[in-house]
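Okay, structure first, notes after.
The values are calculated or read from the model by the stated rules, or taken from the named source; none is laboratory data. In this text, all values refer to a predicted model and were calculated from it rather than measured experimentally. In this analysis, Cβ positions are derived from the backbone assuming ideal geometry, glycine residues included, and neighbour counts consider all displayed protein chains.
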């Protein structure tokens, strides 16, 4: 083969690889997200007892953000070596209460000013 033919084959192969990489970018991000989700589930299955995992699943159905916060906390505790045994349902409930105590719910305060008159007095005049 001549050098020009090899160069054309290389260029064609390079173009083919670039095209595949362009199409695969969306898939690679989805695959990466799937791999991260699988890794999270793997870690959680190792550190949670089945009852605690069921409770966390029910929490996820009600409030996704709360479940994600708890999962992140559990994974962090596991990675730092602070968990010595699998997490029970009672320990999960304690963790939920601690996380709920840290977050302040927005409060609505209604203040009414008394302007010197009462609506009930109008009924007495009839």
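Results, tabulated for the structure shown:
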| read-out | value |
| --- | --- |
| Any hit, segment 17-37, residues being in contact (Cβ under 8 Å) with a residue 12 or more places away in the chain, surrounded by 10 or more Cβ atoms within 10 Å (Cβ to Cβ) and either touching a helix residue (DSSP H, G or I) at 6+ places or on another chain (Cβ under 7 Å) or more than 27 Å from residue 100 (Cβ to Cβ) (or both) | no |
| Residue within segment 109-118 that is on the phi < 0 side of the Ramachandran plot, at pLDDT 90 or above and outside any helix (DSSP H, G or I) present | no |
| Tally, over segment 78-107, of residues that are in a loop (DSSP other than H, G, I, E, B) and at pLDDT below 80 | 5 |
| Hey, residue 52 surrounded by 10 or more Cβ atoms within 10 Å (Cβ to Cβ), under 30 Å from residue 85 (Cα atoms) and modelled with pLDDT of 90 or more or not | yes |
